[in-house]
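J.: Once you've had a glance at the structure underneath, I'll fire off some questions.
The values are calculated or read from the model by the stated rules, or taken from the named source; none is laboratory data. Computed from a prediction, not measured in an experiment: that's the story for all the values here. Don't worry about glycine lacking a Cβ; one is built from the backbone with ideal geometry, like all the others, and counts go over all protein chains shown. Ligands, DNA and RNA are excluded from the accessible area calculation, which covers all protein heavy atoms including side chains. Shrake-Rupley method; radii C 1.70, N 1.55, O 1.52, S 1.80 Å.
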There are 2 protein chains.
Amino acid sequence: MSDNIHDVIMIGAGPSALTAAVYTTRENLDTVLYEKATVGGLAASTDMVDNYPGFPNGVEGIVLAEQLQKQAERFGAVIEFGNVDSIRDEGAVKVVTVDDNEIKTRSILISTGSSYGKINVPGEAEHYGKGVHYCATCDGAFYKDKRLVVVGGGNSAIQEAIFLTRFAKHIDLLVRSTIKASEVLQRKLQKYEDEGKITVHLETSTNEIVATNGYVTHLHTTKEGKPMKVETDGVFIFAGLKPNTAFLKNSDIELDESGFIKTDLNMQTNIPGIFASGDVRSGATMQIACAVGEGATAAHSISKYLQS
Amino acid sequence: MSDNIHDVIMIGAGPSALTAAVYTTRENLDTVLYEKATVGGLAASTDMVDNYPGFPNGVEGIVLAEQLQKQAERFGAVIEFGNVDSIRDEGAVKVVTVDDNEIKTRSILISTGSSYGKINVPGEAEHYGKGVHYCATCDGAFYKDKRLVVVGGGNSAIQEAIFLTRFAKHIDLLVRSTIKASEVLQRKLQKYEDEGKITVHLETSTNEIVATNGYVTHLHTTKEGKPMKVETDGVFIFAGLKPNTAFLKNSDIELDESGFIKTDLNMQTNIPGIFASGDVRSGATMQIACAVGEGATAAHSISKYLQS
């Protein structure tokens, strides 16, 4: 173990951590980010980001990710690739284990994000962001007067299907078994069915998402044991949201029932000196704007924590 | 009074409200913003914004403000100029009085920001952002190895003076009467005085901030009744922060002891359907990144509120 103690280690290098790093490095705090996959996180794999404030005509996710990285590095942030296995709180010093190496730090920011649940069918990964979506708030507006498919039968699938009727002219809702949503939502859904805006297909599983010339055109499904082709312009999949918090299982960090990290308004977890921001946080909205805001707030709290 | 009921009225058109408007209008919610002075708020009057995420080399405040406005208007946000005198909660419908006209809305977002306390001396307004500053986190990094003056004697003046020693080679702290900061901060300050990093001038008032060729070069002050010239590269003034909440004095919105609006993590005030975000919120960090994040969170909450 090196005796060098960093001011702050950030776990993850998505928009939230990169923003926090702009702030901490501008304040001359020694800052290292550990990323196990892609700098820029989910944003980097988003085709076009339409609602990140400051880009009136939208910005390609990869471009935004690169610009965030450049900005953090300009002020001295160090981005390392590596897999964080665990963290340990020893009071004033915390220990982060990265690929079996123990690294010491005075504070930690956890911004590992979360992952959309997948249905793992052919075409899903290939057409992600170009006809296959996981976030209605992010991408619903691209489907004005189009046909959509929504996959899922839980609360969020029903809620988002209803939300998407603001844009789409018709929605096919594909439910693997039966609807698991709340009574209130089911009554609401009935109204949209009666109006012919949503058609519900129970006991229907998706087998393949097919695109022609780069545009999703239809799905191959099995409805009550029989093959069914569903024509559509896009698919929204709601198969749950999984926080990237597996490495915390032996820590004392307080998580909510779904595994997201609980924080207060200052992004502090239940352990002093350990902060969390962005999509991994309990109550996160899965929006880049919120992730960067929380990153800036977390940096502010880290700076105050280190001064005290 | 018009019988038309808006989905949401936003009070203020700074970065926080403009971001919220991008979200609400993208979701086809009818959104009107009332601004009494400058679209873009404090950001619009900031020379160069170095730490807004996504612009690796910084962005001029006025450019960022224009781009935020364009983005909100692109999705259908309506920005009106007018002075909001009061708001009234009537349950499902709220009434906003703008220049004596009563406007009805189903929800309200208050993003009126806050204002830096001024010392009202010649040169202060003229050189704002170009040698005269009110936010150390925002602008401290521009003064690496330079001389600085800090004006103020309260907790934030002392805290920020200590913070600015990370950049500046020397700081003159000008205190009108005596230091009002906490014991802990005063002991800390003593350390920096002993090291020669900060020189404290008690009973010293600032009379004029002077610039040559656009750069601040010195201040004319009065120390213990005698004139004193202080050479410096920049001045940071900490004369308090005033939330723009005077129009709420007859409402039931809960404020903190300094007049900032209290909210929960979802930006909801104590009154259902009335939200607040950005610099007017209790606990705000006065950072554009946080203001936009809170705007996006508020929009999310407004959307959920209107659906329920």
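J.: Identify, by number, the condition in (1) within 20 Å of the chain's Cα centre (by Cα); (2) under 28 Å from A:Ala141 (Cβ atoms); (3) surrounded by fewer than 20 Cβ atoms within 10 Å (Cβ to Cβ) that A:Gly196 doesn't meet.
T.: Here A:Gly196 clears every test but (1).
J.: Then there is this: Are any of the residues in segment A:17-28 open to solvent by less than 30 Å² (accessible area, probe 1.4 Å), closer than 16 Å to A:Glu80 by Cα and either more than 23 Å from the chain's Cα centre (by Cα) or more than 14 Å from every other protein chain (Cβ to nearest Cβ) (or both)?
T.: Within segment A:17-28, one or more residues are open to solvent by less than 30 Å² (accessible area, probe 1.4 Å), closer than 16 Å to A:Glu80 by Cα and either more than 23 Å from the chain's Cα centre (by Cα) or more than 14 Å from every other protein chain (Cβ to nearest Cβ) (or both).
J.: Identify, please: which residue in segment A:209-257 is of a type in the set (Ser, Thr, Tyr) and open to solvent by 20 Å² or more (accessible area, probe 1.4 Å) and is, among those, farthest from A:Tyr134 (Cα to Cα)?
T.: Initial filter on segment A:209-257 (of a type in the set (Ser, Thr, Tyr)): A:212, A:215, A:217, A:221-222, A:232, A:245, A:251.
Now restrict to residues that are open to solvent by 20 Å² or more (accessible area, probe 1.4 Å): A:212, A:215, A:217, A:222, A:251.
On the way: A:Thr212: 21, A:Tyr215: 17, A:Thr217: 18, A:Thr222: 21, A:Ser251: 30 Å.
Out of the qualifying residues, it is A:Ser251.
J.: Name every residue in segment B:59-73 that is at pLDDT below 95, under 22 Å from A:Val63 (Cα atoms) and part of a helix (DSSP H, G or I), in order of residue number.
T.: Within segment B:59-73, B:Gly61 is the sole residue that qualifies.
J.: A further question on this structure: Restricting segment B:89-121 to residues that are among the polar types (S, T, N, Q), assigned to a loop (DSSP other than H, G, I, E, B) and touching a Ser or Thr at 6+ places or on another chain (Cβ under 9 Å), which is farthest from B:Phe247 (Cα to Cα)?
T.: So in segment B:89-121, the residues among the polar types (S, T, N, Q) come out as B:97, B:101, B:105, B:107, B:111-112, B:114-115, B:120.
This time we only want the ones that are assigned to a loop (DSSP other than H, G, I, E, B), so: B:111-112, B:120.
Subset that is touching a Ser or Thr at 6+ places or on another chain (Cβ under 9 Å): B:111-112.
Values: B:Ser111: 12, B:Thr112: 10 Å.
So the residue we want is B:Ser111.
J.: All but one of (1) among the aliphatic types (A, V, I, L, M); (2) out of contact with any strand residue (DSSP E or B) (no Cβ under 6 Å at 6 or more places or on another chain); (3) over 22 Å from A:Asp50 (Cα atoms) hold for B:Ile9, so report the exception by its number.
T.: (2)
J.: Quick one: count up the residues across segment A:182-207 that are within 19 Å of A:Gly240 (Cα to Cα) and within 14 Å of another protein chain (Cβ to nearest Cβ).
T.: Within segment A:182-207, residues that are within 19 Å of A:Gly240 (Cα to Cα) and within 14 Å of another protein chain (Cβ to nearest Cβ) number 2.
J.: Quickly run through segment A:55-67 and pick out the residues that are in contact (Cβ under 8 Å) with a residue 24 or more places away in the chain and open to solvent by 30 Å² or more (accessible area, probe 1.4 Å).
T.: Answer for segment A:55-67, where residues must be in contact (Cβ under 8 Å) with a residue 24 or more places away in the chain and open to solvent by 30 Å² or more (accessible area, probe 1.4 Å): just A:Glu66.
J.: Another question, then. Determine whether segment A:283-306 contains at least one residue that is out of contact with any Phe, Trp or Tyr (no Cβ under 9 Å at 6 or more places or on another chain), part of a loop (DSSP other than H, G, I, E, B) and at pLDDT 95 or above.
T.: no
J.: Does B:Leu109 satisfy being at pLDDT 95 or above, within 13 Å of another protein chain (Cβ to nearest Cβ) and over 30 Å from B:Val150 (Cβ atoms)?
T.: Working: at pLDDT 95 or above: yes; within 13 Å of another protein chain (Cβ to nearest Cβ): no; over 30 Å from B:Val150 (Cβ atoms): yes.
Considered against the rule, which asks whether it is at pLDDT 95 or above, within 13 Å of another protein chain (Cβ to nearest Cβ) and over 30 Å from B:Val150 (Cβ atoms), B:Leu109 comes out as no.
J.: Filter segment B:275-290 for residues that are surrounded by 24 or more Cβ atoms within 10 Å (Cβ to Cβ) and either more than 9 Å from every other protein chain (Cβ to nearest Cβ) or under 19 Å from A:Thr137 (Cα atoms) (or both) and give the result.
T.: Within segment B:275-290, B:Phe275, B:Ala276, B:Ser277, B:Gly278, B:Asp279, B:Val280, B:Arg281 meet the criteria.
J.: Which residue is least open to solvent (accessible area, probe 1.4 Å), if the candidates are limited to segment B:134-172 and must be farther than 18 Å from A:Lys304 by Cβ and within 14 Å of chain A (Cβ to nearest Cβ)? Please lay out each step first, then the result.
T.: Step one: list which residues in segment B:134-172 are farther than 18 Å from A:Lys304 by Cβ, which gives B:134, B:139, B:142-153, B:168-172.
Filter once more, so that each one left must be within 14 Å of chain A (Cβ to nearest Cβ): B:139, B:142-145, B:168-169.
Values: B:Asp139: 22, B:Phe142: 88, B:Tyr143: 22, B:Lys144: 117, B:Asp145: 107, B:Ala168: 3, B:Lys169: 120 Å².
Per the stated criteria, the residue is B:Ala168.
J.: Let me ask another. Does segment B:22-54 hold any residues that are of a type in the set (Gly, Ala, Ser), touching a residue at least 40 places away in the same chain (Cβ under 8 Å) and assigned to a helix (DSSP H, G or I), and which are they? Walk me through it before giving the result.
T.: Kept after step one, since they are of a type in the set (Gly, Ala, Ser), are these residues of segment B:22-54: B:37, B:40-41, B:43-45, B:54.
From the residues that got through so far, the ones that are touching a residue at least 40 places away in the same chain (Cβ under 8 Å) too are B:41, B:43, B:45.
Of everything in segment B:22-54, those that are of a type in the set (Gly, Ala, Ser), touching a residue at least 40 places away in the same chain (Cβ under 8 Å) and assigned to a helix (DSSP H, G or I) turn out to be B:Gly41, B:Ala43.
J.: Continuing with the same structure: Determine, yes or no, whether B:Lys70 is at negative phi, open to solvent by less than 10 Å² (accessible area, probe 1.4 Å) and among the charged types (D, E, K, R). It would help to see each step written out before you state the result.
T.: Details: at negative phi: yes; open to solvent by less than 10 Å² (accessible area, probe 1.4 Å): no; among the charged types (D, E, K, R): yes.
In short, no.
J.: Going by the structure shown, is B:Pro56 out of contact with any helix residue (DSSP H, G or I) (no Cβ under 6 Å at 6 or more places or on another chain), modelled with pLDDT of 95 or more and not assigned by TED's automatic domain parsing to the domain that holds B:His220?
T.: Values: out of contact with any helix residue (DSSP H, G or I) (no Cβ under 6 Å at 6 or more places or on another chain): no; modelled with pLDDT of 95 or more: yes; not assigned by TED's automatic domain parsing to the domain that holds B:His220: yes.
In short, no.
J.: Ok, one more. B:Thr206 passes all but one of (1) in contact (Cβ under 8 Å) with a residue 40 or more places away in the chain; (2) open to solvent by 30 Å² or more (accessible area, probe 1.4 Å); which number fails?
T.: Only one criterion is unmet by B:Thr206, namely (2).
J.: Another question, then. State yes or no: is A:Asn244 within 14 Å of chain B (Cβ to nearest Cβ) and under 25 Å from the mean Cα position of the chain (by Cα)?
T.: Details: within 14 Å of chain B (Cβ to nearest Cβ): no; under 25 Å from the mean Cα position of the chain (by Cα): yes.
No, not satisfied.
J.: Would you be able to say whether some residue in segment B:258-269 is open to solvent by 20 Å² or more (accessible area, probe 1.4 Å) and away from chain A (no Cβ under 13 Å)?
T.: Kept after step one, since they are open to solvent by 20 Å² or more (accessible area, probe 1.4 Å), are these residues of segment B:258-269: B:258, B:260, B:262-266, B:268.
Now drop any that are not away from chain A (no Cβ under 13 Å), which leaves B:258.
For segment B:258-269, residues open to solvent by 20 Å² or more (accessible area, probe 1.4 Å) and away from chain A (no Cβ under 13 Å): present.
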